[in-house]
Amino acid sequence: METKTEIFSQRLVKAVIWNISLQISLAILLAYLYGSYFSVPVPKYFTKFYMFLNIFSLQNIIFGILYALNGYFTMSLYSSLAKSNFNVLKKKCEFYDGQCLAEQSLFLQFGGMWMGLYYFTSAHLFNATVLTFPHIYQEKFQQIKLVISNIVSMGFQHSMTPVMYYCIFYYFWGNKPRSVVSDVYSLYLEDPPLDSILNLIFSGIWIGLWFYTSLYFISIYTMKTVFNIVLTEPMKFPIESEHKFTLNNALSQRLQFIGYLGALDLKYMSIMDPARRLQIFTLSQPGGHPRNWNNLLEKCLFVVNDFNSELEKINNDSHSVETDKTHNRNVFNKAAPLTPPVYSRSLRNMAQSPHLLELKDHTKNKVEDTFATVVKDEFNNFLQKLCQKPGINYLFGELVDTKLKFILIQAQPVIWTCEGLANIVSASLKEDKYGVVQNDLPKVISTLICLKHNLDKLTKPGLVPRKHILNDILAIKIRNALLSSVKRSIYKIVITFSKFIHEIPLDPDLQLVVQSFLLCKEA
C-alpha cells in the first residue's frame, strides 16, 4: 500500500515533468519566432503607406497570432502554479446553483495574449531586429553571467508599461470579452466586475499580472540573449576550399547573416591569423597569379562600393529636383529645333545616298525617344507635386531619415571589411614577399577615401538635408562608428606606407587627402 509520502512524491515528479515539457515547448516556439526574423531581410519602407502595408502583411499577421498564443500559454502555465482557479474560466458558484465565471482567470489569460502582442509590436513591428556583435568576444557562459542580472531588472521594469496599458484597456473594454465568455459557456458572474478601478485595485490581480508578465519578458530576453551570443560566435572560413564555404563566398552574402560572419572573420584573420594571411599573399602554382588576393580584394571592394553607392544616392537626393528641372528644360530646347539642319553636301548627293532612309529612321526614333523621355519626366514631376499636398504627403511623403537609417543599419559588415582590408594591406609590407598587394594600393586607398567623403557629407552641419537628419540613436551610433572605422583604416595604411606614400600613383585630390592623414590632421 502506498504511503502519503510516496503519493506526494509521485505527483511532485509528474508535475515537474509536465512543467518542463511545457516550458520546452514554449521555448521552442519562442525560438522559432525570434529566429525567423534573422532569415528575412529588414523591411524596406520609406512612407507611411508602405509602413501600413507592412504592418498588415501576411507574415506579420501569422507571427502576431503566434506571439499572442505564446503569451496565452505562458500566462496559463504560470498562473496554474499559484492557484488552480487562475487558469480555468469556470468555478463553482458560492451563492448560486451552477457554475460561475472566474473573471480573474479571464483577466490573466487575455493579459497573456496582450503581452505577446505588445512585445511583438514593440520589438519586431516598429523596430528592426538586428544582431549585436560584442566588441571583444568572450566565452558564452561569461557573457551570460555578465547580462543575467540586467535581464532580470529589465524584465520587471519593462513589464510596467504594458500592464498599465492593459488595465486601461480592460477598464473601457473588459465588459465585452466577459459578456462573450459568459454567454458562450452560460456562466454567472458573482464576483465584483474587474472593469471598475476600485474593484481592480482591491482585487490585487494586477500585481499577479505584473509578476507573470515580468517572468514572460525575462524568458524572452533570456532567449534573445542566448540567440545573440550563439549566433554572433566567430567562425573561421577557409581561404580556399572545394568542399567548404570559403571566406570569399561568405563576403559575397553581404546583406545576409553569413555575410556578417564573413566580415567578422576577415577582421579577426587580418589581426590574429598570420597563417591564413600567408595564404592570401601566395601565388598560384602553376601560373604564378595572386588569385587568393584578387578574389578577396574583389569581394571586399564590392562590399564597400555597394554601400558607397547607396550613400551617394542619399547625398545626391537633395539636388535631384533641381537637376530634373534643368534636364527637362534642356530636353525641351533640344526636342524641337527652330531651323532645319544644314548639310555640307548637296541635296542631289544626299538623295543619292544609300543611307538616307536609315538617317530618316534614326532621326524619327530619336525624336520619339526624346518625346517619351519628356513625357516620363513630366509625369514624375506631376507625381512629386501631387505628393506635396498635405493629405497625400502624410501617406505617401517620404519619412524623415528613414532611408538613411535603413542603409546605416546594414553597415556593420562594411566596418569590419574596411578594418580587415586595411590590416591586411598594412601587414603586407612585411609578409607579402611577392608584392601582390602593393599593386592594388591605389584602389584600396581611393575606395576608402571615397567612402569617407560621402560620410563627411552626412555629418557636417549645414550640408545635410532635413529629411536625412538622423533622430534614431542606433543609426547615429552606427554612422559615427563607420566614420571612425574608415578614418582608422586610412590612418593604418598611410602611416604604414608613410615612407613610400608619394610613390603610390593617386589623383591630385586624393594626394591632398592622404597628405592630411600623413600629417595627422584628420580628427
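For the stretch 485-497, which residues satisfy the criterion of being over 18 Å from LYS267 (Cα atoms), part of a helix (DSSP H, G or I) and open to solvent by less than 50 Å² (accessible area, probe 1.4 Å)?
First, pick out the residues of the stretch 485-497 that are over 18 Å from LYS267 (Cα atoms): 494-495, 497.
Adding the requirement that they be part of a helix (DSSP H, G or I) leaves 494-495.
Within the stretch 485-497, just VAL494 meets the criteria.
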Inside the stretch 428-441, can you point out the residues that are crowded, with 20+ Cβ neighbours inside 10 Å and not in a loop (DSSP other than H, G, I, E, B)? SER428
Subset of the stretch 135-160 [outside any loop (DSSP other than H, G, I, E, B) and closer than 25 Å to PHE73 by Cβ]: ILE148, ILE151, VAL152, MET154, GLY155, PHE156, GLN157, HIS158, MET160
Can you tell me which residue in the stretch 85-107 is nearest to PHE406 (Cα to Cα), limited to those that are outside any loop (DSSP other than H, G, I, E, B) and touching a Phe, Trp or Tyr at 6+ places or on another chain (Cβ under 6 Å)? SER105
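Can you find even one residue in the stretch 198-210 that is among the polar types (S, T, N, Q) and open to solvent by less than 30 Å² (accessible area, probe 1.4 Å)? Explain how you work it out, then say what you get.
As a first pass, look at the stretch 198-210 and keep what is among the polar types (S, T, N, Q): 199, 203.
Now drop any that are not open to solvent by less than 30 Å² (accessible area, probe 1.4 Å), which leaves none.
No, every residue in the stretch 198-210 fails to be among the polar types (S, T, N, Q) and open to solvent by less than 30 Å² (accessible area, probe 1.4 Å).
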Out of (1) closer than 28 Å to SER76 by Cβ; (2) of a type in the set (Ser, Thr, Tyr); (3) within 25 Å of the chain's Cα centre (by Cα), what's the single condition that is false for THR132? (1)
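Does PHE52 satisfy being open to solvent by less than 30 Å² (accessible area, probe 1.4 Å) and in contact with a Leu (Cβ under 9 Å, 6 or more places away or on another chain)? Spell out the reasoning first.
Numbers: open to solvent by less than 30 Å² (accessible area, probe 1.4 Å): no; in contact with a Leu (Cβ under 9 Å, 6 or more places away or on another chain): yes.
When the stated conditions are applied, PHE52 does not pass them.
Determine whether THR213 is under 28 Å from ILE28 (Cα atoms) and buried (at least 18 other Cβ atoms within 10 Å of the Cβ). Don't jump to the end; show me each part of the working.
On the way: under 28 Å from ILE28 (Cα atoms): yes; buried (at least 18 other Cβ atoms within 10 Å of the Cβ): yes.
Against the criterion (under 28 Å from ILE28 (Cα atoms) and buried (at least 18 other Cβ atoms within 10 Å of the Cβ)), THR213 qualifies.
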Consider the stretch 96-109. How many of its residues are crowded, with 20+ Cβ neighbours inside 10 Å and of a type outside the set (A, V, I, L, M)? 5
Can you tell me which of MET160, MET154, MET115 is crowded, with 19+ Cβ neighbours inside 10 Å and touching a residue at least 12 places away in the same chain (Cβ under 8 Å)? MET115
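The values are calculated or read from the model by the stated rules, or taken from the named source; none is laboratory data. What you see is a predicted model; the values in this text were computed from it and never measured. Neighbour counts are summed over all protein chains in view; Cβ atoms, including those assigned to glycine, are modelled from backbone coordinates with ideal geometry. All accessible areas refer to the heavy atoms of the entire protein, side chains included, with ligands and DNA or RNA removed. Shrake-Rupley method; radii C 1.70, N 1.55, O 1.52, S 1.80 Å.
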